[in-house]
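Participant: This is the structure I have questions about; it appears just below.
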Amino acid sequence: MNILVVFIILLYSMAAYAVEPKMYIFFINGVNTTADDANINMEKLEDLMNYESSTITWNVLYNATHGLIKSDVFDYIHQKKQADRHLSIDSYTNYYITNNNIDCCISLDQYENVKQSIRLQYLNDKKYVGMNLSDIVNQFHLKFKGNKNDVYILIIAHSQGNNYANQLHDYLVNGEHFPVDHIAIFSIASPSHTVNGFVNPYTRFKYVTADNDHVINAVRLLPGHKPLPANVHLNDCKDLPCHNLINSYLFDKVVSSDICKGIKSYISLWLNEQPVC
Amino acid sequence: MRILVSVIIFLFSFNANATSILSIAGKVTNNLGIRDDILRYIETSIPGLTESSRYAVMRLAANQQALYYKVRSYAEASSLIVSSSVALKCLGLERKDDYEIFKTIEHMMMDTSERKEHIMNTCSDLFGHDGLPHKHVNRNELADRCRAKDY
């Protein structure tokens, strides 16, 4: 009898271990967000989905960018400039090779070796990326436990967090060879002009930006900055600029439903599961 | 003599830092670990609080005070973040203005530029590199924990 009980417990444990996450959903917050608030933002998104699944893991990649408005704007503008100059890790590697007079005719393997050897330098070079990318990459490595070829990643980002989302995506794909069609970004109130990453080919829905989001509209006035065109309207905002994730984008019933559908589309596509929005 | 002067300067700066953190932290004369003015706000300015929702709000306020002015390790800080997360969910079971209440308390915690800077630096130092903890609490478990004030 005792052996039977042990056997049953063993089987149960094996079954529990067998269910590993197939999809990671990471949330990246905007500037000047406390740790508590970033966590709450993610949880409100999770609540919005109202869907429990053992194959999905939610986590925050905490964007600790903060400071006086001037430095936050500077960080964003700086990131934006680098994004516009396409300073991906490949561009950085080419720049490194040129500046260090490395033999121009290196093989692909040699190029990859150089790229891997300067990977940390690229992440930490504050002249080229925002202040926190290396921290965000580190957090990703602490949270992501899957096999990059078997697992899907959806990054949901709000506001300036989108710049880090784009950079993280580019780094994972180009620097760590994650499959291109395994990492998507769903963007909320982004100041960026792109949403990098895989896009669901059936819905092609990858961002929400409100036409009455006064923060993004203010960014549009900065020379050389062209956030994505607005595609929703917030009828209900609890914060004055209509930019806050919880108080505006998740508060408005129609827009929050759109966000739910956007996230759901990746769950459906990748996991063949059907949360209801 | 030079060594003595250096030691005195070092000791002075050490004490000055300790003093300045205390002055930033604000007055806490109650035994709940909540800043006095924030406790006053909770007791007088949030109508309709039940016993359980009052507990949740006080937990949020006490956790923030501890997180920014007392905690010494990532483990302690993580425990407070998880507790606050459950507190807000418990508050949300009873009230739709749960997030508003949280943000009001957060704004009060950061009501001066020194406090704001200190709090954001603390968040960055504690969680910037290693990230935030996350413990998923399912709905059944949540109701039990809220009832038992287990957070």
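Participant: Starting from the stretch B:103-114, take each residue that is within 13 Å of residue B:41 (Cβ to Cβ) and list its partners that are surrounded by fewer than 16 Cβ atoms within 10 Å (Cβ to Cβ), counting only C-beta distances under 9 angstrom and pairs at least six apart or across chains.
Facilitator: Cβ pairs passing all conditions: B:104/B:45; B:108/B:37; B:111/B:37.
Participant: Find the residue count for the stretch A:99-119, including only residues that are modelled with pLDDT of 75 or more and either assigned to a helix (DSSP H, G or I) or closer than 19 Å to residue A:137 by Cβ (or both).
Facilitator: Residues in the stretch A:99-119 being modelled with pLDDT of 75 or more and either assigned to a helix (DSSP H, G or I) or closer than 19 Å to residue A:137 by Cβ (or both): 12 in total.
Participant: Going by what's in this entry, would residue B:53 be described as at pLDDT below 95 and in a helix (DSSP H, G or I)?
Facilitator: Against the criterion (at pLDDT below 95 and in a helix (DSSP H, G or I)), residue B:53 does not qualify.
Participant: Restricting the search to the stretch B:75-125, which residues are of a type in the set (Val, Ile, Thr) and within 8 Å of chain A (Cβ to nearest Cβ)?
Facilitator: B:81, B:119
Participant: Regarding the stretch A:145-160, can at least one residue be identified that is part of a loop (DSSP other than H, G, I, E, B) and buried (at least 23 other Cβ atoms within 10 Å of the Cβ)?
Facilitator: yes
Participant: Okay, moving on. Would you tally the residues in the stretch B:126-151 being of a type in the set (Gly, Ala, Ser), within 7 Å of chain A (Cβ to nearest Cβ) and out of contact with any Phe, Trp or Tyr (no Cβ under 6 Å at 6 or more places or on another chain)?
Facilitator: 1
Participant: Just give me the residues in the stretch B:47-78 being of a type in the set (A, V, I, L, M), more than 12 Å from the chain's Cα centre (by Cα) and buried (at least 18 other Cβ atoms within 10 Å of the Cβ), in sequence order.
Facilitator: Just the residues of the stretch B:47-78 that are of a type in the set (A, V, I, L, M), to begin with: B:49, B:56-58, B:60-62, B:66-67, B:71, B:75, B:77.
Next, from what is left, pick out any that are more than 12 Å from the chain's Cα centre (by Cα): B:49, B:56, B:75.
Selection gives B:49, B:56.
Participant: Still on this structure: Considering only residues of the stretch A:33-54 that are buried (at least 19 other Cβ atoms within 10 Å of the Cβ) and not in a helix (DSSP H, G or I), which is nearest to the other protein chains (Cβ to nearest Cβ)?
Facilitator: A:34
Participant: What about residue A:194, is it under 16 Å from residue A:163 (Cα atoms) and not in a helix (DSSP H, G or I)?
Facilitator: So residue A:194 fits the description; yes.
Participant: Oh, and also: Search the stretch A:20-67 for residues being among the small types (Gly, Ala, Ser) and at pLDDT below 90, and hand back the single one that is nearest to residue A:163 (Cα to Cα). Walk me through it before giving the result.
Facilitator: In the first step, residues of the stretch A:20-67 are kept if they are among the small types (Gly, Ala, Ser); the result is A:30, A:35, A:38, A:53-54, A:64, A:67.
Within this subset, residues satisfying the condition of being at pLDDT below 90 are A:53-54, A:67.
Working: A:53: 29, A:54: 30, A:67: 17 Å.
Ranking the qualifying residues of the stretch A:20-67, first place goes to A:67.
Participant: Among the residues of the stretch A:161-183, count how many are over 8 Å from the mean Cα position of the chain (by Cα) and either within 19 Å of residue A:41 (Cα to Cα) or not in a loop (DSSP other than H, G, I, E, B) (or both).
Facilitator: Of the residues in the stretch A:161-183, 13 are over 8 Å from the mean Cα position of the chain (by Cα) and either within 19 Å of residue A:41 (Cα to Cα) or not in a loop (DSSP other than H, G, I, E, B) (or both).
Participant: Take the residues in the stretch B:79-123 that are among the small types (Gly, Ala, Ser) and surrounded by fewer than 21 Cβ atoms within 10 Å (Cβ to Cβ), then tell me which one is farthest from the chain's Cα centre (by Cα).
Facilitator: Our first condition is that a residue be among the small types (Gly, Ala, Ser); within the stretch B:79-123, this holds for B:79, B:83-85, B:87, B:92, B:113.
Add one more test, that the residue is surrounded by fewer than 21 Cβ atoms within 10 Å (Cβ to Cβ), and what stays is B:79, B:83, B:113.
Details: B:79: 12, B:83: 10, B:113: 17 Å.
Checked the stretch B:79-123; the qualifying residue farthest from the chain's Cα centre (by Cα) is B:113.
Participant: Please enumerate the residues belonging to the stretch A:253-277 that are touching a helix residue (DSSP H, G or I) at 6+ places or on another chain (Cβ under 9 Å) and within 14 Å of chain B (Cβ to nearest Cβ).
Facilitator: A:256
The values are calculated or read from the model by the stated rules, or taken from the named source; none is laboratory data. The structure presented is a predicted model; accordingly, all values stated were derived computationally and were not measured. Note that each Cβ is placed from the backbone with ideal geometry, even for glycine, and that neighbours are counted across all protein chains shown.
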